[in-house]
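K.L.:
Before I ask anything, let me first share the structure, which is written out below as structure tokens.
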Amino acid sequence: MVSIPLEERMRTVRFKVDDQPHIVVNAAVCAKCSVRACVYVCPANLFVPLDDGGILFNYEECFECGTCYIACNQEGAIQWSYPRGGYGVTFREA
Amino acid sequence: MRIAVCLKQVPDPATVEVDPLTAALDTRRMLYIAGPADTAALELALRLAGPTGQVSALCVGPPAADAVLRMALAVGATEVRRLWVPPFLSLQAPAQTALLLAAGLQRATIPDLVLCGARSSDQGSGQAPALLAEFLDWPVVCDVTQIAMEGDRVRVQRRLDRGAREELEVRLPAVLAVEANLARLRHASLPGLMRAERASVPVSHLEDLGLEPADLAFPTASVRAVTPPRPRTRPIFTPDSTRPAHERITQIITAGVTRKSGKVLEGPPAQMADAVVEFLRERGFV
Amino acid sequence: MALLSKEASLALVQQVHRLIGMKNGVAPHDAPRPRPQRNAPRPGAERFDVIVVGAGPAGSAAALVAARAGLKVLLLERGEYPGAKNVSGAAFYGSAILHDLIPNWWEQAPVERYLTRRVLAFMTAETSVAIDFRTTRFAEPPYNGFSILRPKFDRWFADQAVAAGAFLLNAAVVDEVLWEDDQVVGVRVRRDEGDLRADVVIACDGANSFLAKNAGLQREFHAHEMSLGVKEVLALDEAIIRERFHLHDNDGLAIEYIGAITEEVSGGGFLYTNRDSLSLGVIGQISSLAEHKRRPYELLETFKRHPAVAPLVRGGRVREYSAHIIPEAGWNMLPKLYTGGMLVAGDAAALCFVAGLYLEGINYAIQSGIAAGETAVAAHQERDFSARSLARYVERLRARHVITDFANYRHAPALVNSPRLQNLYPEIIAAGAEQVFRVNGGPKRKLLPIALEALRRAQVSPVHVLQDALQAGRSFGW
Ligand SMILES: Cc1cc2nc3c(=O)[nH]c(=O)nc-3n(C[C@H](O)[C@H](O)[C@H](O)COP(=O)(O)OP(=O)(O)OC[C@H]3O[C@@H](n4cnc5c(N)ncnc54)[C@H](O)[C@@H]3O)c2cc1C
């Protein structure tokens, strides 16, 4: 199968999940944002818009690429850093 | 207090990939870690030993397994040793690992306590700790969920089936096999990490341990053939045509699986409570 | 320098002076931002001659050069191993450069295939027109380029720095640089007792360049200056790869796709052959992805389903999916490249060359890494780590054609990301080619009327075309 759904594709990637999130999303700021660039640009689909206007964010399967904070036009919405040493994504072939 | 920890290097389950056609494991894509039960054992050892105690880590494995021992040094293990056998011997039985560990422990200053992970995340048979205790002729408690030191004794809690727990007291020296979720390993300090990276990991081979290949001749399972798993044919469920339509629809959407029937109690609360107690007593729960 | 036009060399000189002259390190086109707090190292921090942050190609090159000169070098990497967090296509065109550093490096390094065939394909939704270049001259040492897989290549390259005497520490994230007065004197790793001292810190921490920003050498990026690449490695039998791509042995090809492959999103696609897998992916400008609300992995799927791509990837099993950003604005986003006690190299300095048919970052990373390493060595010889002493980094970059390449091509990014070049011209080329090749019983027409008709139908005035041609000439031609 050359075409596969994202979830299956994500399973080919190794993540070592830290118990502390390396990205924190400010729900109050996101609720006021109408652009929501993060929802579209994230290559791992980690930003999910909620019915109540908020954004659900999971840091666990993050590629640490930085696209979300570069795309975000809301001051203070995304607090972004790399995970602690030894945690996060590990590519084996990329 | 002197504590020894046994660590095993295992493939990270997230990197174990099975070829869909041949059912072969793709070893080139595997990354190796110390399993979560082993790292819990290491963390507990560091906590129990305290700042003045000694924690040594042992690992039976090939040169690549130095990585888990370096990790142990980084978080504060005072001493590490890797144990290994010549290439013509392939280690298969947990008894072989346990014998090497026992020999390794006896070569150095005997610790007061040995901590192991209850189960490795690859084979997971959980036998090595018990066999190790047997070779050392020490007491052992497996599936440990709690540890408290009390002088030369340890109070431990052990997991039994169906959520039951057992409390035991063990005299030291002893072997304890701890469960994975007991403790999360600390993050190494920078000086710790650098010290570990610079350290050379000492290795003991069979002859250093006073053993011979023949000592490791335990009966092992041998692989005769490997058959890829075949998808199980699923019986197609056909609803019972004698039943009315709504029941057949229910049968279809539940795929014919019937739930265990429950019993709904009614009446005044005191009466219902009595019925519950009676139910439990009948089945020997209380 | 002889290749540089007069205008470009003037601009270059001005830019270099501006870079050197900047006082607080804030890039010129930036609104002033609050300066991050400057911390000093805690007493007792271990000391090195050089600390290199990031074991990508830039960092390993810098560490290798500095360690070979006998300096005490620490190479810090946040991944579990060098390359663990790194993604490229990857077609590596720096073979000759690396050959200077490590003779016959390809004999010991984990390379996939040497590239003898390069294809540039213009795509519409149904059509593709390609320029196919092939030469056996690229099949001879030192080779022109290789396909590589970064997690393997980076690990090997970092090991070369270690063999030269550098101390590699993985699983160490650097959060900030440390200061004494106006001089960078170390870094802080996010671990207990994480402070380290060094005479020179070389930031090779990649496209996000948090260290350059932390030191005030780089500004925040705009979404139009950065692209996101998403990529898959597809397992495919070696024999099938050879047959499908007409390869003899361990030779390989690199295809770049431009046009509708990313639909209306500004970007492109690539496909490279590895030994027993294919690397393919799409790249999209972040602002453009957001504007068109297109999800990158959906573009990847569209790409794989394109009638010209689907037969190439048929039967491939996805072995790994990955994503990474690319600094795209070239010259316009170069940071200040140094300050007292600190140099910036590779993607962290935005030294990634992206313009249509070019996607070259690894070779520039190695070039700038070498230049940074040499600058650190020279500074040690003179025991002078001031900004003035480290300024010679810029000269070294120029001598290695790094600065000059970026200056010469400074107009390319804007042109390449323009909608006409992104979608219209590929459309016109494809439509024109179709007219040329279609046989339907009508008269055979000459090329110019076909081209003019295609333009008319696309409602583009010949004036625009001429302007773009001039712009293209200025960007790529002269
Ligand atoms: C999809 C895609 C395709 C590409 N294709 C090609 C191609 O075909 N050919 C080509 O030449 N270039 C290509 N590039 C560009 C190329 O990948 C980069 O230019 C190149 O990787 C730059 O090397 P570098 O050493 O500067 O940075 P990187 O390779 O990004 O290395 C930075 C290193 O620093 C580490 N690091 C980062 N922050 C910290 C920190 N705070 N503390 C410690 N360590 C840190 C990272 O883990 C990493 O190892 C491509 C890029 C992408 C995204």
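K.L.:
Within region C:266-284, is even one residue within 16 Å of C:ILE326 (Cα to Cα), at the interface with another protein chain (Cβ under 9 Å from one of its Cβ atoms), surrounded by 20 or more Cβ atoms within 10 Å (Cβ to Cβ) and not aromatic (Phe, Trp, Tyr)?
P.N.:
Yes: region C:266-284 contains one or more residues that are within 16 Å of C:ILE326 (Cα to Cα), at the interface with another protein chain (Cβ under 9 Å from one of its Cβ atoms), surrounded by 20 or more Cβ atoms within 10 Å (Cβ to Cβ) and not aromatic (Phe, Trp, Tyr).
K.L.:
On the basis of being among the polar types (S, T, N, Q), touching a residue at least 12 places away in the same chain (Cβ under 8 Å) and more than 24 Å from B:LEU136 (Cα to Cα), does B:THR15 make the cut?
P.N.:
yes
K.L.:
If you don't mind, another one. Scanning for something closer than 15 Å to C:VAL200 by Cβ, more than 14 Å from the ligand (Cβ to nearest atom), in a helix (DSSP H, G or I) and open to solvent by less than 10 Å² (accessible area, probe 1.4 Å), does region C:52-65 turn up at least one residue?
P.N.:
no
K.L.:
Additional query: Out of region C:326-369, which residues are more than 6 Å from the ligand (Cβ to nearest atom), assigned to a helix (DSSP H, G or I) and open to solvent by 10 Å² or more (accessible area, probe 1.4 Å)?
P.N.:
Correct list: C:TRP331, C:ASN332, C:TYR364, C:GLN367.
K.L.:
If you don't mind, another one. Could you grab me the full set of residues in region B:55-70 that are part of a loop (DSSP other than H, G, I, E, B) and open to solvent by 60 Å² or more (accessible area, probe 1.4 Å)?
P.N.:
Correct list: empty.
K.L.:
Restrict the check to region B:170-187 and report whether at least one residue is of a type in the set (A, V, I, L, M, F, W, C), within 30 Å of C:ASN170 (Cα to Cα) and within 14 Å of another protein chain (Cβ to nearest Cβ).
P.N.:
yes
K.L.:
If you don't mind, another one. Which is over 23 Å from C:PRO307 (Cβ atoms) and modelled with pLDDT of 80 or more, of C:VAL439, C:VAL394?
P.N.:
C:VAL394
K.L.:
Something else now. Which condition number does C:ALA323 fail, the rest of (1) within 10 Å of another protein chain (Cβ to nearest Cβ); (2) more than 8 Å from the ligand (Cβ to nearest atom); (3) modelled with pLDDT of 95 or more being met?
P.N.:
Against the list (1) within 10 Å of another protein chain (Cβ to nearest Cβ); (2) more than 8 Å from the ligand (Cβ to nearest atom); (3) modelled with pLDDT of 95 or more, C:ALA323 comes up short only on (2).
K.L.:
Select the helices (runs of 4 or more DSSP H) contained entirely in region C:370-478, then report the ones holding at least 1 residues which are without any contact (Cβ under 8 Å) to a residue 12 or more places away in the chain.
P.N.:
Counting at least 1 such residues, we get C:387-390, C:392-399, C:412-416, C:425-437, C:447-457, C:462-472.
K.L.:
Specify which of the listed residues (C:ARG190, C:ARG242) is in contact with an Asp or Glu (Cβ under 9 Å, 6 or more places away or on another chain) and either closer than 23 Å to B:SER189 by Cβ or within 14 Å of the ligand (Cβ to nearest atom) (or both).
P.N.:
After applying the criteria, what remains is C:ARG190.
K.L.:
Does C:LYS213 satisfy the criteria of being part of a strand (DSSP E or B), within 14 Å of the ligand (Cβ to nearest atom) and within 13 Å of another protein chain (Cβ to nearest Cβ)?
P.N.:
The answer is no for C:LYS213.
K.L.:
In region B:12-42, what residues are among the hydrophobic types (A, V, I, L, M, F, W, C), modelled with pLDDT under 95 and in contact with a Lys or Arg (Cβ under 7 Å, 6 or more places away or on another chain)?
P.N.:
Across region B:12-42, the qualifying residue is only B:ALA14.
K.L.:
Tell me which strands (runs of 3 or more DSSP E) are completely within region C:84-169 and hold 3 or more residues being closer than 19 Å to C:GLY373 by Cα, or say none if there are none.
P.N.:
Passing ranges, in order: C:167-169.
K.L.:
Also, I was wondering about something else. For region C:285-294: of the residues being within 16 Å of the ligand (Cβ to nearest atom) and facing chain A (nearest Cβ under 7 Å), which is farthest from the chain's Cα centre (by Cα)?
P.N.:
The extreme case among them is C:LEU289.
K.L.:
Here are some conditions: (1) away from chain A (no Cβ under 14 Å); (2) within 18 Å of the chain's Cα centre (by Cα). C:GLN108 meets all but one. Which one does it not meet?
P.N.:
Against the list (1) away from chain A (no Cβ under 14 Å); (2) within 18 Å of the chain's Cα centre (by Cα), C:GLN108 comes up short only on (2).
K.L.:
Hey, among the residues in region C:217-241 that are assigned to a strand (DSSP E or B) and more than 8 Å from chain A (Cβ to nearest Cβ), which one's nearest to C:GLU301 (Cα to Cα)?
P.N.:
C:GLY229
K.L.:
Which members of region C:285-302 meet the condition of being of a type outside the set (Ser, Thr, Tyr) and surrounded by fewer than 22 Cβ atoms within 10 Å (Cβ to Cβ)?
P.N.:
Passing the criteria: C:GLU291, C:HIS292, C:LYS293, C:ARG294, C:ARG295, C:GLU298, C:GLU301.
K.L.:
Name the single residue that is farthest from the other protein chains (Cβ to nearest Cβ) among those in region A:37-94 being in a strand (DSSP E or B) and closer than 19 Å to C:HIS222 by Cβ.
P.N.:
A:ILE78
K.L.:
I'm told C:ARG305 meets every condition in (1) of a type in the set (D, E, K, R); (2) within 16 Å of the ligand (Cβ to nearest atom); (3) open to solvent by 10 Å² or more (accessible area, probe 1.4 Å) except one. Can you identify the failing condition by its number?
P.N.:
The one condition C:ARG305 does not meet is (2).
K.L.:
Moving to a separate point now. How many residues are closer than 23 Å to B:ARG119 by Cβ and either assigned to a helix (DSSP H, G or I) or free of Cβ contacts under 8 Å to residues at least 12 places away in the same chain (or both) when one looks only at region B:71-100?
P.N.:
11
K.L.:
Another question, if that's okay. Looking at C:VAL162, C:VAL201, C:VAL173, which one is open to solvent by less than 20 Å² (accessible area, probe 1.4 Å), more than 11 Å from the ligand (Cβ to nearest atom) and among the hydrophobic types (A, V, I, L, M, F, W, C)?
P.N.:
The conditions single out C:VAL201.
K.L.:
Quick one: is B:PRO202 at pLDDT 95 or above and surrounded by 15 or more Cβ atoms within 10 Å (Cβ to Cβ)?
P.N.:
No.
K.L.:
Now for a different question. Only one of these conditions is not met by C:ALA121: (1) touching a residue at least 40 places away in the same chain (Cβ under 8 Å); (2) open to solvent by 10 Å² or more (accessible area, probe 1.4 Å); (3) away from chain A (no Cβ under 14 Å). Which number is it?
P.N.:
C:ALA121 satisfies all of (1) touching a residue at least 40 places away in the same chain (Cβ under 8 Å); (2) open to solvent by 10 Å² or more (accessible area, probe 1.4 Å); (3) away from chain A (no Cβ under 14 Å) except (2).
The values are calculated or read from the model by the stated rules, or taken from the named source; none is laboratory data. Source: prediction; values computed, not measured. As a convention, Cβ positions derive from the backbone with ideal geometry for all residues, glycine included, and neighbour counts pool all protein chains shown. Only protein heavy atoms, including side chains, enter the accessible area calculation; ligands, DNA and RNA are left aside. Shrake-Rupley method; radii C 1.70, N 1.55, O 1.52, S 1.80 Å.
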